[in-house]
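Encoded as structure tokens, here's the structure I'll be asking about.
FYI, it's all coordinate maths here, none of it is from the lab. Source: prediction; values computed, not measured. Note: ideal-geometry Cβ built from the backbone for every residue, glycine included; neighbour counts use all protein chains shown.
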Amino acid sequence: MPRRELLTGNEAVAHAVALADAKVIGIYPITPQTTIIEKICDLAAKKVFQPRIIHVESEHSAMATVIAASYTGVRAFTATSAQGLALMHELLHWAGGGRLPVVLANVNRAMAPGWSIWTDQNDSLSQRDTGWMQFYCESAQEVLDSLLLAFRVSERVMIPSMVVLDAFVLSHTSEPVEMPDAETVAEFLPEYRAPFRLDVEKPCSFGALLRPQHYQEIRVQLQDAMEAAVAEIEASDELWKKLTGRGWGVVAGYRTEDADILFVTSATVASTARAVADRLREEGIKVGVVKVRVFRPFPFAAIRRALAGRRLAVVFDRNISYGHHGIFAQEIKSALYGVSGAPPLACFVGGLGGRDVTRETIETTLRSALAKSNGRLFAWI
Amino acid sequence: MHRKPRLQGRPLWNVPSDEIYGQGHLACPGCGAAISMRLALKALGRRTIIVLPACCFSVIDGPFPCSAAGVPVLHCAFETAGASAAGVRAALAARGDDETLVMAWAGDGGTYDIGFQALSAAAERNEDILFVCYDNEAYMNTGIQRSGATPMSAWTATTPAYPGKAEPKKDLAAIMIAHRIPYFATACPTYVDDFLMKFRKARAMRGFRMIHVFSPCAPGWQVAEAETIALGHLAVRARVFPLLEAEEGGRVRRLNVDPPPLPVADYLRRQGRFKHLKDGDVKAVQAEVDRRWEELTARCERPARLDGRAPRKWRLPSFERLQGPRRLV
Ligand SMILES: Cc1ncc(C[n+]2csc(CCOP(=O)(O)OP(=O)(O)O)c2C)c(N)n1
Ligand code: SF4
Ligand SMILES: [Mg+2]
């Protein structure tokens, strides 16, 4: 029987890393991520697992050490938030371009200035083009499962993964979490066998100068692998469902079958949105919720399947690309371009810097979108 | 007029014949860094992994899919040599390999400047790695720009106005010894025995070891390609680059070579990057060199002067004279 434990989102990360038996972990504190590395140190001290923990002097070095460890052929992990992730930016490219199955947990936190420790998604979405997969989670259970899935998929497609969870709302909120047993994990996530590594018996150089005749070829391979990763994520999710009964999908629908109006969002806002959908349905408004769980690789097909043929899709973004608008909205629009039956989109941005996204916020969003129907493309809430 | 240094030919019986680094590398002829890498790997052997931040060696080692190294090479971000080497070492340990040496090989920019934070942290954590700084005293890969290692008065592309760089060179030895690391040494490829001894010694130790290597650079210093070895000799004799070691966190400090000094002008006047210097400027450099020498060597054991007298003719010291009885293989 799998155990159930009461875990915060951050504790779920730490337990998942222990279950995955990561061998090298680079750690550096930043609120609200810090309790992840504290818990990892605690689990290591209790010999739940025995990673080499490197107490680096910055997130930049944290990412550098895990990249180097991954090049040496072991499973490697680090965690961060906001400023720390931004500081890692150059190294994120090194991991993506190096095709390393590094896994990182990012606790979404708004970027300074001014200082904010509260949630929004601009930190992780700013890293969109670094060649990393990105998974957005909604519950502590989803965090734990996604971490294990991230390790598995990363090691199968050789692309790094970022598992993302909202500051405080998820990172510091306790929920019951079903802990998979060691055999289940072992079946799902076998020991990592690196297809290449630094090895004195077989000396190779990694990351050497790439001339124009090679650079693009290697980037083509990365793009192909990214595209193929969607199917790999879906297959791994299926396997996890078979093993544990839990599957999360790349896009998760709620009461969408007969819905006219879809509320499309990501992460913890989705939980609140489901409650709002229930309430509005009592009034006869047929609302469904679509949660986009995987942001990279972008699940074009699943988005098209979910949205085509509806009367209206309302996209709620807890992030913004200044001068354009919400980032998920942009991506969804690009997925719907030229698709027959593509619904009109109403795009809203809100909840930045940890502003609460309550049921009222979402209800107001939906009602104003309905009132204007196709009137306005973008609004703040 | 400047004197020509006298280099006396002597068989280098102590140099292993295994050529681990070299074939097909892309360094300029006479590159001090390339000579140093060749010697270093001879001392360290093939059970070595090189961690290379951005520097001339990113090019020297060869473009994909080539590598001139007979050992694995990890190219890493410019500022990450210390952290990347630590990551490789930790992963090797996780794989049960405690034997392979991880050597970060960084330029002066990747050591004194952009790489300093990760270096200092790796030293503080006493990571089990060897960090080598090959010091050509400027950002050479990007075309001779000033770094924290550029000496006072040197011309670089970013200090073009007379009298060159205004500030003295950062004191790497003092800074790193202050980290209380197990081993810090300076080495110069002219002094082959001393150079090999230090790399061998570092190989045999554990914890954070650092070697600061003097690396003349013909295009950067505006010298002839054949001058590299002579410049190393002059730099040591003019006390611009003292050869020393610090062990046990600086408790034991040793000056390895203590020749009767030559005026610093002998060293400066051979290099195009100092050709604008007036006599007064040379005096200022001499004063800075003297001051640094005093500071650096104050707490150092000195090598025994042959038979108590200063030798009339300075010769390249042999391995035994430097070290007493041979202890390391
Ligand atoms: C973050 C970053 N900034 C700048 C550069 C450009 N860059 C590459 S090598 C180099 C100079 C390296 O100088 P040094 O470390 O002294 O080595 P050298 O080239 O002199 O051998 C610079 C500035 C870079 N690769 N990465
Ligand atoms: S520029 Fe200088 S350091 Fe770089 S390869 Fe040429 S000689 Fe060596
Ligand atoms: Mg340099």
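Which of the listed residues, A:A252, A:G84, A:M158, is farthest toward the dipole's positive end in chain A, when Lys, Arg count +1 and Asp, Glu count -1 at the beta-carbon?
A:A252
Quick one: order A:S340, A:S126, A:S174, B:S67 by neighbouring beta-carbon count within 10 Å, fewest to most.
So the residues, fewest neighbours to most, are A:S340, A:S174, A:S126, B:S67.
Roughly how big is chain A's charge dipole about its Cα centre, with Cβ charges of +1 (Lys, Arg) and -1 (Asp, Glu), in debye to the nearest 20?
Charge dipole, chain A, about its Cα centre: 620 debye, nearest 20.
Of the GluC sites (Glu not before Pro) in region A:249-292, which ones lie in a loop per DSSP and count no more than 16 other C-beta atoms within 10 Å?
In loop regions of region A:249-292 (DSSP not H, G, I, E or B), the sparsely surrounded GluC sites (Glu not before Pro) are A:E257, A:E283.
Could you size up the charge dipole of region A:164-236 around its Cα centre, putting +1 on the beta carbon of Lys and Arg and -1 on that of Asp and Glu, and report it in debye to the nearest 20?
Dipole size: approximately 680 debye.
Still on this model: FRET efficiency for A:Q83 and A:K242, Cβ-Cβ distance as r, R0 = 35 Å, nearest 0.05?
For R0 = 35 Å, the calculated efficiency reads 0.30.
Mean-square fluctuation check for chain A, GNM, Cα pairs under 10 Å: which of A:R279, A:R318, A:R99 is largest?
Among A:R279, A:R318, A:R99, the largest mean-square fluctuation in the Gaussian network model of chain A belongs to A:R279.
Right, here's the next one. Compute the length gained on full extension between A:H172 and A:R281: take 0.36 nm times their separation in residues and subtract their Cα-Cα distance, giving the result in nm to one decimal.
36.1 nm
Taking the number of other C-beta atoms within 10 Å as the exposure measure, put A:H325, B:H75 in order starting with the fewest.
A:H325, B:H75
Would you grab the residues whose amide H sits under 5 Å from the one on B:A187? Only those 5+ places off in sequence or on another chain, please, with H modelled 1.01 Å from N.
B:H212, B:V213, B:F214
Can I ask one more? Run through the DSSP bridge list for the protein assembly as shown and note the antiparallel percent, rounded to the nearest 5.
Percent antiparallel among DSSP bridges in the protein assembly as shown is about 25.
If you don't mind, there's one more thing I want to ask. Compute the Cα gyration tensor for region A:252-380, then decide on rounded, prolate or oblate, letting a ≥ b ≥ c be the square roots of its eigenvalues: rounded whenever a/c is under 1.5, prolate when a/b is larger than b/c in the other cases, and oblate in all that remain.
The shape class here is rounded.
Which residue, A:L262, A:L370, A:L100, tops the fluctuation ranking in a GNM of chain A built on C-alpha contacts under 10 Å?
Residue with maximal mean-square fluctuation among A:L262, A:L370, A:L100: A:L370.
If R₀ is 41 angstrom, what is the calculated FRET efficiency for the pair B:E294 and B:Q23, using the beta carbon separation as r and rounding to 0.05?
0.40
A follow-up question, please. What's the local net charge at A:F168, with K and R +1, D and E -1, over the other residues with C-beta under 15 Å away?
Combined, the nearby Lys, Arg, Asp and Glu give -4.
Here's something else I'd like to know. Considering only DSSP states other than H, G, I, E and B, which chymotrypsin sites (Phe, Trp or Tyr not before Pro) in region A:297-348 qualify as loop sites with at most 12 other Cβ atoms within 10 Å?
Sites meeting the loop and neighbour criteria: A:Y322, A:Y337.
Quick one: among A:P176, A:P32, A:P212, which has the greatest mean-square fluctuation in a GNM of chain A with alpha-carbon springs under 10 angstrom?
A:P212
Here's a follow-up. I want to check the label-to-label distance for A:E38 and A:A301. Put each point 7 Å from Cα in the C-beta direction and report it in nm to one decimal.
Each label point lies 7 Å from its Cα, and together they span 4.4 nm.
Show me the three semi-axes of the equivalent ellipsoid for chain A, from the C-alpha gyration tensor (sqrt of 5 times each eigenvalue), largest first, rounded to whole Å.
34, 23, 20
Another question, then. Given +1 on the Cβ of Lys and Arg, -1 on the Cβ of Asp and Glu, and no further charges, what dipole in debye does chain B carry about its Cα centre, rounded to the nearest 20?
Its charge dipole is roughly 1140 debye.
Something else now. Please work out the C-alpha center-to-center distance from region B:204-240 to region B:52-91 and express it in whole Å.
21 Å
Hey, another quick one. With unit charges on the beta carbons (Lys and Arg positive, Asp and Glu negative) and the dipole taken about the Cα centre of region A:252-380, which residue among A:T365, A:V292, A:A270 sits farthest to the positive side?
Checking the options against the dipole of region A:252-380, the answer is A:V292.
So, one more: What shape does region A:107-243 take by its C-alpha gyration tensor, where a ≥ b ≥ c are the square roots of the eigenvalues and a/c under 1.5 counts as rounded, a/b above b/c as prolate, and the rest as oblate?
oblate
If neighbour count is taken as other Cβ atoms inside 10 Å, put A:I285, A:I233, A:I36 in order from fewest to most.
A:I285, A:I233, A:I36
Step through the residues of region A:28-34 one at a time and calculate ³J(HN,Hα) from phi using the Karplus curve (6.51 cos²θ - 1.76 cosθ + 1.60, θ = phi - 60°), rounding each to whole Hz and writing x for Gly and Pro.
For region A:28-34, the Karplus curve yields 7, x, 7, 5, x, 7, 3 Hz.
Would you please state the base-10 log of I(q)/I(0) at q = 0.05, 0.10, 0.11 1/Å for the protein assembly as shown, with intensities from the Debye formula using one equal scatterer on every alpha carbon?
So the normalised log intensities work out to -0.31, -0.94, -1.06.
Given the C-alpha atoms of region B:95-200, compute the convex hull and give its volume per residue in Å³.
Taking the convex hull of the Cα positions in region B:95-200, it is 124 Å³ per residue.
If you plug each phi of region B:160-176 into the Karplus form 6.51 cos²θ - 1.76 cosθ + 1.60 with θ = phi - 60°, what whole-Hz ³J(HN,Hα) values come out, in order, with x for Gly and Pro?
Per residue, the Karplus-derived 3J(HN,Hα) values read x, 7, 4, x, x, 5, 7, 9, x, 5, 4, 8, 4, 4, 4, 5, 6 Hz.
Taking a threshold of 27 Å on the Cα-Cα distance, which of the pairs A:K242/A:K291; A:K242/A:K286; B:K169/B:K198 fall above it?
Exceeds cut-off: A:K242/A:K286.
Picking from A:A335, A:G353, A:L312, whose Cα lies most toward the positive end of the charge dipole for region A:252-380 (charges on Cβ: Lys, Arg +1; Asp, Glu -1)?
Highest projection toward the positive end goes to A:A335.
Sorted from largest to smallest, which semi-axis lengths in Å does the alpha carbon gyration tensor of region B:27-323 give for its equivalent ellipsoid, taking the root of 5 times each eigenvalue?
Over the Cα atoms of region B:27-323, the semi-axes work out to 29, 23, 18 Å.
Enumerate by residue number the chymotrypsin sites (Phe, Trp or Tyr not before Pro) in region A:60-128 meeting two conditions: DSSP loop (anything except H, G, I, E, B), and at most 14 other Cβ atoms within 10 Å of the site's Cβ.
Hits after loop and neighbour filter: A:W115.
Starting from the Cα gyration tensor of region B:1-160, multiply each eigenvalue by 5, take the square root, and state the resulting semi-axes largest first in whole Å.
26, 22, 15
Turning to a different aspect of this structure: Helix by helix, which DSSP H runs in chain B go 15 Å or more along their axis at the Cα atoms and have an average Kyte-Doolittle hydropathy of 1.0 or more?
Helices meeting the criterion: B:32-44, B:81-94.
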